[in-house]
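The values are calculated or read from the model by the stated rules, or taken from the named source; none is laboratory data. All values reported here derive from a predicted model rather than from experimental measurement. Glycine also receives a Cβ, built like all others from the backbone with ideal geometry; neighbour counts cover every protein chain displayed. For the accessible areas, the whole protein counts, side chains as well, though only heavy atoms, and no ligand, DNA or RNA atoms are used. Shrake-Rupley method; radii C 1.70, N 1.55, O 1.52, S 1.80 Å.
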Amino acid sequence: VSERTLARQMATRRAVEEPLDLLRLSLDERIVVKMRGERELRGILHAYDQHLNLVLGEVEEAVTTIEVDEETLQEQVKQSKRQIPMLFVRGDGVILVSPPSRSA
């Protein structure tokens, strides 16, 4: 681990004293929001409040549904996606907020 990485980690730890501090550090960054009802949002965080209401831009919404084939009784997982330029997200539907996973 480089000195630069360690310095960045220490600065982040000092900057995060409350849960909402993580959102403050993610302003104008791309985040992932998992919602109730098997919905996942990926977009740029423009604003938030203490209720976890969010304003996201350049949003990709993915909705996962499970359908049962009536003949075979097998479950089929389907995912639909759509693009939304700007979205207000009501905080009571939010389950998780995270930066997107970084692939190596």
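Observations
- Accessible area of residue 49 in the full protein assembly, 1.4 Å probe (Å², nearest 10): 50 Å²
- Dipole magnitude of the stretch 23-73 about its Cα centre (Cβ charges: Lys, Arg +1; Asp, Glu -1), debye to nearest 20: 500 debye
- Taking every protein chain into account, the 1.4 Å probe leaves residue 66 with about 110 Å² of accessible area, to the nearest ten.
- In order along the stretch 85-98, the Karplus-derived 3J(HN,Hα) couplings, from 6.51 cos²θ - 1.76 cosθ + 1.60 at θ = phi - 60°, round to x, 8, 9, 9, 10, 6, x, 6, x, 7, 9, 8, 10, 8 Hz, and Gly and Pro are given as x.
- Binned Cα-Cα distance frequencies in the stretch 27-104 - 5 Å width, integer %: 3, 15, 23, 22, 14, 9, 7, 5, 2, 1
- Electrostatic tally near residue 62: other residues with Cβ closer than 12 Å to its Cβ, Lys and Arg +1, Asp and Glu -1, net +2.
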